[in-house]
Every structure is written in structure tokens, then in C-alpha cells.
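One structure is given below, encoded as C-alpha cells.
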Amino acid sequence: MAAVVEAPQTAADPSSEALLVLHEVFGYAAFRGAQREIVDHVVAGGDALVLMPTGGGKSLCYQVPAIVRQRAGRGVTVVVSPLIALMQDQVGALEELGVSAAFLNSTLEGDAARRIERELLAGRLTLLYAAPERILTPRFLAMLDSLHERGLVSLFAIDEAHCVSQWGHDFREEYLGLSVLHERYAGVPRLALTATADDHTRADIVARLQLEAARLFVASFDRPNIRYTIVEKDDAKRQLLAFLRDEHEGPGGMDSGIVYCQTRKKVEETAAWLVSEGIGALPYHAGLDAEVRRRNQDRFQREEGVVMVATIAFGMGIDKPDVRFVAHLDLPKNIEGYYQETGRAGRDGLPADAWMAYGLADVVNQRRMIDEGEADEEFKRVQRTKLDALLALAEAHDCRRVRLLAYFGEGSKPCGNCDNCLTPPATWDGTEAARKLLSCIYRFHQHGGWRAPRHFGAVHLVDVLRGKRTERVEQYGHAELSTFGVGADLSESQWRGVIRQLLALGHLRAEGEFNTLALSESARAVLRGEVEVRLRVPAEKAARAGRVRKGRGAGRGDGVRAGAAAGLPLDGEALARFAVLKAWRTEVARAHNVPAYVVFNDASLAQMARECPASLPALGAISGVGAKKLERYGEEILRLLAAG
């Protein structure tokens, strides 16, 4: 990729002012990880490209500099955001903190938009959120020109920066025009932020946004509170229901979570089925009416215990911190997509789950979509490589977190918090089974003359291996093959597992409209016995070895809802105080028309309930209680705690 050089630090040390803002406005005592270094660099006027995981605190990396620089007379920070919901939630949260912020998007009526434009031109806004397509309009650029001439454009923060890259998992053409910000306002610092970007994507961000002189910050991609679990797909909906019942339902109800499906039809069927099972599920996909999508997303953001069943059209920019699980009923396209989607769980740092059911059809469908796409061959080659990395993660015998972090260039040790660490999977020497299967496909190609089909799908292949005399087997004379019946010792589901793993390992490939199976180049070495093939024990054998250990036990989710913060459970009196505080928070959020977590998140309420502060200074020491919230809510919270 193009070199990303580190811009020199200036002599000024803005740390004290930034820390003051962090404490007074946001209520936090210290920055996390790389936040402080990023904030100092941006406050000093440097450009930066920031890679930080979802839930890692990216927003503070531009919100704190925006406030510091605005106090110093530098003017407004313009935040480029692709999503209306994200703009609205972040502006609502900033207003709760007493920060002057606004957004310009299509939801505003003419008078409201003109009022915000007047506030902007008067220099009274600290942050303005807008979509890239609005920023690039002549009207908006003219306003920026006016502000820039008066030295009142402080910073451009480009969120979800991976959208500028064709190699990224969510390319958006409108992002390509954002290079105008550097060309037109060269002296204004720019901060590009994303949660996921491999080398190709980073290089694209640098080139397309002209960030060659920017400093690169790469935070740890590890989200230790998320437990990764990948199961072999059998009856996916039933498996999902068992996961939800076992891990995320308690006496208080169901946890909030997201279920991703590949197709719109599957989204609607799964949501309806979960509702029939007594779970409060809502559908979300691009084919729904815009008002239905808005209403469903609003309910998910503002209500507890809602399960959103969605395509990947849902999720980017979702700030809801108490999403306790993200489940995939279909394989994503690549690790970047998987990481971004699973990262929407557990943003509050409390325990959360990333669960996926994965099967043979997923492998075949994803490979077929790449092969049949209209992109050029180089793009397809990169997409195949990305898919192979995800398949390797899905079929891994070792720690999933180690493999996931390694993809992003980060070393780690076994985590103890993924399915493979908690219940190490059994493996077996599948070399002979693989040779039988590959040999059978080879003989399909040789048998029957030029008129006969050369390639067959998985069902027919398994029938031949198991010696099943179907009409099709008889039609093509495959009972005469030397491989007929050589695999009778394995069940149909076990053979499907072997096929799936050989596809994942790259020894097989699926071709054409009917997903027929063909040998890859690497199959030759397997057939010659030069390569050992170790496979996971198929699901049937694993089941006979005993039930897989449950993650955190039935009803675990209710413990989280009860206020377990930083791993410290609350006692009976603290639980009662926590319930009172949550009820109060719900009423305040409804009155202010914001999600409940914008008022205070669960971790802050749990700390209040546990420590039961009796004075305003003591309450002000609680994480997340800034000066404005202390002034606005302090006396009422103290009264509730004293009464409890």
C-alpha cells in the first residue's frame, strides 16, 4: 500500500485541555488505549487515519478535539457520516452533554434546515453531521467556503472511511468525492476513521482521500468481552432458538440482539418464526418501506429486549451499547464484514456473544456469487482470498480470536473465551476419506464417454460414496465405479461435513449454476497421499461424545441486565437501586426523545447502584457523569438513591 508516514508532533501539549474536556463533558477520568495520542495529534492540527474496533471509542477521537478546538476559536467540526440514524443519535447524545451539535439530512423540513444553516454560518455549532452527498452539493460547499474564509472550519472527521474503497466490504460511490475537502480546504486537518480495513482498503483510503501525509493509528482489534462461537449448521432456526433460550433469556425477558440473514425472504421468515416462538423480533432489509425500516430501527434503539433480524443493510453506525449478541444464520462475505457485524455486540464492555451457524451451502453460495459477479478477475481474486480467510476461521480447530486478530496483523495468545478454547474440538485424520471423495469426482470425469455429464453435485456424490442405488446413479452407471460404496462407514451428514471442509481448504471448488463439484489444483497432492488432511469430528460423532458445555448458563443475559458491570455483580439492595434508576432513565429518555443509553448507559447506572453516592461530588466521580448531566440530573439521582 502507499506509505502512511507519521506527521511530526507539534511542540504544544494539548493533553491537559483534552483531559479536562473528557472529564467535564463526558464524565470519564482517562482516555482508553490509543485515544489520548490520537486526540493530542488531532487537536494539534495533524491529519490521521484511525483503525479502531467498534466499541473502541472512535467518536471521542473527534468529539474531544472538536470541543477543544472550538473553545480555542477554530470553529466547527464537520463529521461525514453515511447514516441518518447515527447522526441523530450522536447529536442527541451530545446535546445531553451540553455540546452544541446538529445534523443536516433529508429528515429535516426546510425551516429546520435553514435554522441549522444559520447557526452554522454564525459559528455557533461545535459539530455538524452530514452525509457525503450533502457535503458535496454547491450549497453546502458555499457555506464551507464562507466559514473557511473566516477561519471557522476546525476539522473534517470522515467516519466509516472504508466506504471509500472498492476493496472494502461496504463501498459507497459518494465517498469518492470527499477528496475535494483536501483540495479545497488544504489547511483544515482531516481525521478518517474505520473499524475494519485490510492492506488493500487502507491503501485505497490513503489514495482516494489524499492522506499520504497522515499519521496512522492502529488500535488493538481485540474485543475480549465477545465470545466467538461457530456451529455446524443443521436446522439453523432451531439452533438459533436454542442459543437464544440458553444464553440470552432470563426471568426479565430476552436480551437485545441482532440476527443476520443473507436474503430478504429469510429475514422475514426468521423474524416471523421468532415472533411465533414468543420472541420480540423485527425485520429489517432494503426492500421494506422506508417508514417501516425507520420505525423498526427506532424501536431497536430505544426499547430493551428487541431482536432485529436483518440483512447487512442494517447495522453500520448503530451505537446501542447493550446489544448482547450478534448471530449469523448465513456466512458473511469476508472477515471484515464478520468483524464489523459481530463488533456491534457488547459495546458497553459487558459479556456478549458472536454466534454463527455455518454449512456446506454457505461455502458453495459465497464462492458462486464471487465467480458469477460482474467484477474484473483481479477483484474476484481478492474476494476469493478474503473468503478463504473466513472459511479458515470457521473451520479452525484452534483459538478463533488468535486467527481473527492475525488477519488484521495482530498477534495474540489463546483467549479462553471462544468455543474452541472452552471446548477444544475433536479432530480426525480425514486423509483417506478425502482421497476417496476426490477419487470419486475424478472418476465421474472419466466415466461415461463424452455425452455424459462430467461433474455432479454433493447429493449425488454422497449417494455414490455410500453405495446408494438411486435412479440417477443407475442412469449414469455410477454403481460400476470402483468408488461406489467405499464410504458406507460415514453418514450422509458426515460426508457433507467432509465436502464442506475440503471446499474450505481449497481442494474442491463448486462450479456453475448447479454448484457441481470439481477438483482444484491442490487436490492432486491429496490424492497422491502427499498432504495430510485433518478434519473436525462431524457433528454426529461430536454429539455422541457428550453435550457441548454451555457458555455462561441459562439466564446469563438477565444477570447482565441486572447490572453486572466490569464483572462485578450487584447484591440485592444494589439490584433494587439499579431497577429504580433504570425506570427513571426510561422516563427521562422518553421525555427527551432519545434512546435510554444516551441519558446514562447500564455501566454508569450499575456503578451508581453499587456505590450509592450521597453527594454531588461523589456522584460526579461516577464514570459517564459529566458536568452537564450532574447539573441536570444530580439532585434527582441522589434522591432516588437515598429513597432506595
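Every number in this text was worked out from the coordinates using simple rules, so none of it is lab data. Just so it is clear, the model here is predicted, and its values are computed rather than measured. Here Cβ is always computed from backbone atoms with ideal geometry, including for glycine, and neighbour counts include all displayed protein chains.
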Calculated FRET efficiency for the pair M369/E530, C-beta based, R₀ 45 Å, to 0.05 = 0.90
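Contact order normalised by length for the chain, with contacts defined as Cα pairs under 8 Å and 6 or more residues apart; what percent is it? Display every interim value, and only then the final one.
Values: 1128 pairs, mean separation 94.7, N = 644.
15 percent.
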query = So which lysines pass the test for K386, namely a Cα distance under 17 Å, with those fewer than 8 places away in the same chain ruled out?
reply = K333
query = Stretched out fully, how many nm does the piece from K265 to T423 gain, at 0.36 nm a residue minus the Cα gap?
reply = 53.4 nm
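Relative to the Cα centre, what is the charge dipole magnitude of the range 122-263, using +1 at the beta carbon of each Lys and Arg, -1 at the beta carbon of each Asp and Glu, and rounding to the nearest 20 debye?
Values: 16 positive and 21 negative charges, 108 e Å.
Using Cβ point charges on Lys, Arg, Asp and Glu, the range 122-263 gives about 520 debye.
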task = Multiply the residue separation of A643 and V459 by 0.36 nm, subtract the distance between their alpha-carbon atoms, and state the gained length in nm to one decimal.
result = 59.5 nm
request  = Evaluate the range 204-259: find the radius of gyration of its Cα atoms, find its Kirkwood radius, and give the ratio Rg to Rh.
outcome  = 1.26
ask   = To the nearest 10 degrees, how steep is helix 492-505 against the longest Cα principal axis of the chain, on a 0 to 90 scale?
value = 60
ask   = Simple spin-label model, 7 Å along Cα-to-Cβ: A576 to S522 in nm?
value = 6.2
query = Once a ≥ b ≥ c are taken as the square roots of the eigenvalues of the Cα gyration tensor of the chain, is the result rounded (a/c under 1.5), prolate (a/b larger than b/c) or oblate (a/b not larger than b/c)?
reply = prolate
request  = Please determine, in degrees from 0 to 90 and to the nearest 10, the orientation of helix 84-96 with respect to the longest principal axis defined by the Cα atoms of the chain, where the helix direction is its Cα long axis.
outcome  = 40
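Ranking request for peptides 590-601, 52-63: highest mean number of other beta-carbon atoms within 10 Å first, then the rest in descending order.
Packing proxy ranking, top to bottom: 52-63, 590-601.
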task = Could you give log10 I(q)/I(0) at q = 0.10, 0.20 Å⁻¹ for the range 71-160, computed by the Debye formula over C-alpha point scatterers of equal weight, without solvent?
result = -0.22, -0.95
key: Reachable lysines from K233, criterion Cα separation under 16 angstrom, eight or more residues apart if same chain   = K266, K541
task = Would you list the P(r) distribution for the range 389-450, with all Cα-Cα distances sorted into 5 Å bins from 0 and each bin expressed as a whole %?
result = 4, 15, 16, 15, 11, 10, 10, 8, 5, 4, 2
ask   = Hey, what angle do you get for helix 290-302 against the long axis of the chain, alpha-carbon based, 0 to 90 degrees rounded to 10?
value = 70
ask   = What lysines sit close enough to K582 to cross-link, taking a C-alpha to C-alpha distance under 17 Å and skipping anything fewer than 8 places away on the same chain?
value = K320, K629
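Calculated FRET efficiency, T470 and Y442, Cβ-Cβ r, R0 22 Å, to nearest 0.05? Intermediate results must be reported in sequence, preceding the final value.
Values: r = 21 Å, r/R0 = 0.93.
Between T470 and Y442 the formula returns 0.60.
Looking at the chain only, what percent of DSSP beta bridges run antiparallel? Nearest 5 please.
Numbers: 10 of 58 bridges.
Counting DSSP beta bridges with both partners in the chain, the antiparallel share is about 15 percent.
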key: Paramagnetic reach from D298 (point 7 Å along Cα→Cβ, amide N under 16 Å) across the range 100-131   = 106-109
ask   = What span do the alpha-carbon atoms of the range 262-321 cover on each of the three principal axes, reported in whole Å from largest to smallest?
value = 27, 24, 19
key: Theoretical gain in end-to-end length, D111 to T137 [0.36 nm per residue, Cα-Cα removed]   = 7.5 nm
